[in-house]
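Taken together, the values in this text are just the output of simple stated rules run on the coordinates, not laboratory data. Keep in mind that this is a model prediction, so the values were computed, not measured. Because the Cβ atoms are built from the backbone with ideal geometry, glycine has one as well, and the counts that use them run over all protein chains shown.
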Amino acid sequence: MIGEQIVVGLGGNIDNPFTTLSSALDELGELATGEILVSSIYRSEPLGLAEAATDFANAVAQFECDLEPMVLLRHLQALEQKYGRKRRAGSAVDESHPSESSASEPRPYESRTLDLDIIAFGDRMIVESDLRVPHPRAFERLFVLLPLLEIDPGFRFADRIESLQQLVDQAPGMAIGKWQG
């Protein structure tokens, strides 16, 4: 079976997020059926978190994978748990996992050791009880768009007509840059 091109977003801001992302990227490569493209690691401000929250480390990885979407999601969730990801009752979860959040009651975001989101799965549009792809807010998040622009400037989301550069230009501003030391 020929795999599909997958984009996974990585983020975290607890403990040593740069080291955590670097290690998680190595393990993510084990799911790839070929070469894995990895962006630089970016530092971004912790939007929507308490003032004391530390900056996030973010990156994206693009690779071919022959797993089905829900199987890949379970692998990513297991990897998050391996790195100490804990979700508290009533805490925010990413919109790519709708069953874990309440549509009627928004929840605050929280700091985390590792967050892995399926940003794109080939050209598929997936709406399941616990997975939405393309990621419903990735097109407006610079911490996804800039790393993705770095590794695949011609990338297009299956549900958007804009180019990646147009999405970057339209995204809400935030403090973000490549991680330095």
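Assorted remarks:
- Among 166-173, 5-12, sorting by the average number of other beta carbon atoms lying within 10 angstrom of each residue, highest first, gives 5-12, 166-173.
- When the charge dipole of region 4-178 is built from unit charges on Cβ atoms (+1 for Lys and Arg, -1 for Asp and Glu) and taken about the Cα centre, the candidate among H75, P153, G173 whose Cα reaches farthest toward its positive end is G173.
- For region 139-157, the residues whose amide N sits under 15 Å from a probe point set 7 Å from the Cα of W179 along the beta carbon direction are 143-144, 147-148.
- Stokes-Einstein diffusion coefficient of region 4-178, Kirkwood radius over Cα pairs, 4 °C, 1.567 mPa s, in µm²/s: 80 µm²/s
- Spin-label model, A158/N16: points 7 Å from Cα along the beta carbon direction are separated by 3.8 nm.
- Given their separation in residues at 0.36 nm each and the Cα-Cα distance between them, E45 and E64 gain 3.8 nm when the chain is fully extended.
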